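Structure, as structure tokens:
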Amino acid sequence: MIYLDSAATALHRPPEVERAMCRALHTIGNAGRGAHGPTLAAARLVYGVREKVAALFGVSDPARVAFTANVTQALNTAIGGLIRPGDHVITTVCEHNSVLRPLYRKEDQGAELTILPADALGRVDFDALGDALRPNTRAVVVGHASNLTGNVVDLKKVSDFTRSHGLLLIVDAAQTAGTLPVHMEDLGIDVLCFTGHKGLMGPQGTGGLCVRAGLDLPPLLVGGSGIRSFDRAHPSQLPEALEAGTLNGHGLAGLGAALDYLLDRGMEDIHRTEDALARRFAGGVRSIPGVTLYGDLDAPVRAPIVTLNVGELDAAEVSGRLWDEAEICVRAGAHCAPLIHRALGTQERGAVRFSFSCFNTEAEIDRAVQAVADIAGEG
Amino acid sequence: MREKKRCAVLTFHTTTEAMAMERRCQEGGIPGRLIPVPKEITAGCGLAWRMTAEEYERWRPELERLGLRFQEAAEMMLY
């Protein structure tokens with residue numbers, strides 16, 4: 001089997017992840033719920049992962065890293081807590097439904113939304129931010145990289161704009177966390193939302209958000225916090241304010257081990273490996289007659305994603321044949337990103353996404369190229 | 001027979017503050033340990049950092065220098 005679906009979730013992980021999770025299953029209690037050995041072990045473990053996430057994303061205070069079940073919960077927390085009726089928000093057609101649907105819900109509640117378009121390569125012109133600005137603009141919400149095209153957004157350019165106009169910048173780093181550097185404080189990001197199970201190589205059920213110092217972000221969920229139990233209201237201190245209910249300590253143990261691997265190997269090396277594999281694949285399929293590629297494949301910085309269609313074939317058929325005939329795992333369909341599909345004209349048949357891990361090999365890439373060529377040749 | 005000592009009990013707003021205290025103290029060779037908050041004290045978090053009163057007096061400037069957050073410092077007799 002060749003797994004080329006790492007943008008959906010990691011399958012290849014450092015073995016330390018599994019070991020750390022198994023160890024945690026037998027050793028940790030509930031973080032923040034007591035003072036005995038196992039609960040302290042859980043609290044120490046969780047705090048250690050906070051420190052690693054803070055180090056990875058350039059957050060000086062680990063207390064400003066709050067864990068959630070996934071990036072969708074993090075984005076719902078950020079958008080749900082910061083956008084008010086009457087506010088105007090700017091986003092782009094490249095966004096995932098985890099950004100779009102919380103924004104649509106805000107729109108239904110009285111917020112205003114401007115969605116920046118993309119060109120034929122799926123690139124957004126962020127010079128258009130100025131034209132989109134209104135007196136009531138409160139935030140720009142943007143994904144660091146498109147989960148469909150792999151195009152990467154120049155966050156510095158966006159943050160220069162948001163900082164100069166006093167706007168909030170909320171970033172969805174689902175496709176870049178662990179793959180591309182993001183220094184939250186240098187970039188002036190107000191809320192950075194991440195998932196643990198893709199580029200960070202942790203288990204599913206992990207994710208979170210990093211919140212800029214001084215930003216008051218009301219919680220999405222309230223309930224048990226382990227602190228201030230007799231208060232009627234949920235506590236306001238970070239990170240517990242955004243972590244109602246028992247944390248996924250076992251998952252965070254795995255995420256911590258994955259972060260150790262990532263920080264030890266170095267994100268630059270991981271990105272260089274993934275980028276080389278993605279460009280090898282793109283270069284291989286580019287010359288196959290009938291293959292249509294999407295995205296700005298020649299951009300110097302990209303997420304390790306290559307998306308294509310073959311002839312007039314339905315994307316689901318291509319992905320089905322790749323699995324049936326070559327045991328290659330890819331994602332077909334709409335990828336939860338409806339607007340960029342419309343922009344690229346792939347809303348009817350979807351597109352086939354190949355996404356790469358630093359654990360894939362060149363031999364696997366070459367077999368995948370051949371499998372695409374075989375399908376294209378047969379039509 | 002164990003004897004009670006005059007101790008400083010540092011309380012916290014959050015579990016995360018308590019964890020930060022423990023981590024920085026261990027790194028910096030600062031004495032003390034986490035205990036459940038004694039019933040005489042009201043605190044946001046159920047964990048507290050226990051040091052002897054003498055240790056607290058000695059290390060207090062270092063705790064401040066490290067910027068460690070805590071809710072309050074109470075003095076009491078503890079085993």
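Each value in this text was obtained by applying a stated rule to the coordinates, not by laboratory testing. Just so it is clear, the structure is predicted and the values come from calculations on it, not from any experiment. Reconstructed Cβ throughout: ideal geometry from the backbone, glycine too, with neighbour counts over all protein chains shown.
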What FRET efficiency would be calculated for the residue pair residue A:134, residue A:213, taking the C-beta separation as r and a Förster radius of 25 Å, to the nearest 0.05? 0.35
Residue by residue, what Karplus-based ³J(HN,Hα) values in Hz, rounded to whole numbers, does the stretch A:279-294 have, using 6.51, -1.76 and 1.60 with θ = phi - 60° and x for Gly and Pro? 6, 5, 5, 4, x, x, 7, 4, 8, 7, x, x, 8, 10, 9, 10
Global form of the stretch A:53-203, assessed from the alpha-carbon gyration tensor, a/c cut-off 1.5: rounded
Between the stretch A:246-325 and the stretch A:80-143, the Cα center-to-center distance that results, in Å: 26
Full-stretch length increase - residue A:374, residue A:298 - with 0.36 nm per residue and alpha-carbon distance subtracted: 24.9 nm
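Any idea what the relative contact order of chain B is, in percent, if you count C-alpha pairs under 8 Å spaced at least 6 apart? Display every interim value, and only then the final one.
Numbers: 130 pairs, mean separation 40.5, N = 79.
Normalised by residue count, the contact order of chain B is 51 percent.
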Residues whose placed amide H lies under 5 Å from that of residue A:328, excluding near-sequence neighbours: A:2, A:323
HN-Hα J in Hz across the stretch A:77-93 - Karplus 6.51, -1.76, 1.60, θ = phi - 60°, x for Gly and Pro: 5, 5, 5, x, x, 10, 9, 10, x, x, 6, 10, 10, 10, 9, 9, 5
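For the stretch A:116-162, what Kirkwood radius comes out of the mean inverse Cα-Cα distance, in Å? Write down the numbers at each step before the final one.
Working: mean 1/r = 0.0864 Å⁻¹.
One over the average 1/r among Cα pairs gives 11.6 Å for the stretch A:116-162.
Once you have a ≥ b ≥ c as the square roots of the Cα gyration tensor eigenvalues for the stretch A:221-379, tell me rounded if a/c is under 1.5, and otherwise prolate or oblate according to whether a/b is larger than b/c.
prolate
Return the inverse of the average 1/r over all pairs of distinct C-alpha atoms in the stretch A:9-114, which is the Kirkwood hydrodynamic radius, in Å to one decimal. Mind showing how you got there, number by number?
Values: mean 1/r = 0.0597 Å⁻¹.
Taking every pair of different Cα atoms in the stretch A:9-114, averaging 1/r and inverting gives 16.8 Å.
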With r defined as the distance between the Cβ atoms of residue A:317 and residue B:62 and R0 fixed at 51 Å, what FRET efficiency is calculated, to the nearest 0.05? 0.15
Taking H as built 1.01 Å from N, whose amide H comes closer than 5 Å to the amide H of residue B:52, not counting residues under 5 places away? B:8
Relative contact order of chain A: what whole-number percent is it, with Cα pairs under 8 angstrom and at least 6 residues apart? 24
So what is the 222 nm mean residue ellipticity for chain B from helices alone, if each DSSP H run of at least 4 adds -39500 (n - 2.57) and you divide by all residues, rounding to the nearest 500 deg cm²/dmol? -11000 deg cm²/dmol
Could you check the simple spin-label distance between residue A:36 and residue B:2, using points 7 Å along Cα→Cβ, in nm with one decimal? 1.7
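Once the mean 1/r over all distinct Cα pairs of the stretch A:206-284 is inverted, what Kirkwood radius in angstroms do you read off?
Details: mean 1/r = 0.0627 Å⁻¹.
So the Kirkwood estimate lands at 15.9 Å.
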What is chain B by shape, rounded, prolate or oblate, if you read a ≥ b ≥ c off the alpha carbon gyration tensor as root eigenvalues and call it rounded for a/c under 1.5, prolate for a/b larger than b/c, and oblate otherwise? oblate
Step through the residues of the stretch A:314-327 one at a time and calculate ³J(HN,Hα) from phi using the Karplus curve (6.51 cos²θ - 1.76 cosθ + 1.60, θ = phi - 60°), rounding each to whole Hz and writing x for Gly and Pro. 5, 4, 5, 5, 4, 5, x, 5, 4, 6, 5, 9, 9, 6
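Around residue A:351, with a cut-off of 11 angstrom between Cβ atoms, what is the net charge of the other residues, counting Lys and Arg +1 and Asp and Glu -1? Before the final figure, lay out the partial values.
Details: positive: A:331, A:349, A:353; negative: A:314, A:348.
For residues surrounding residue A:351, the net value is +1.
Report, in deg cm²/dmol and to the nearest 500, the calculated mean residue ellipticity at 222 nm for chain A, where each DSSP H run with n ≥ 4 adds -39500 (n - 2.57) and the sum is divided by the residue count.
Numbers: 12 runs with 149 residues, N = 379.
Taken over chain A, the calculation gives -12500 deg cm²/dmol.
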For B:6-18, mean number of other protein chain Cβ atoms within 10 Å: 5
Once label points are set 7 Å from the Cα along Cα→Cβ at both residue A:347 and residue A:120, what is their separation, rounded to one decimal in nm? 2.0
Which of the GluC sites (Glu not before Pro) found in the stretch B:28-79 are in a DSSP loop and have at most 16 neighbouring Cβ atoms, other than their own, within 10 Å? B:40
Using only Cα atoms, what is the ratio of the radius of gyration of chain A to 2.2 N^0.38 Å? 1.00
In nm, give the distance between the simple-model label positions of residue B:75 and residue A:183, each being 7 Å from the Cα along the Cα-to-Cβ direction. 4.6
Run the paramagnetic zone check for residue A:160: 7 angstrom along Cα to Cβ, then residues of the stretch A:293-334 with backbone nitrogen under 20 Å. A:299-302
Charges on Cβ only, +1 for Lys and Arg, -1 for Asp and Glu, centred on the Cα centroid of the protein assembly as shown; of A:7, A:54, A:267, which one is farthest towards the dipole's positive end? A:54
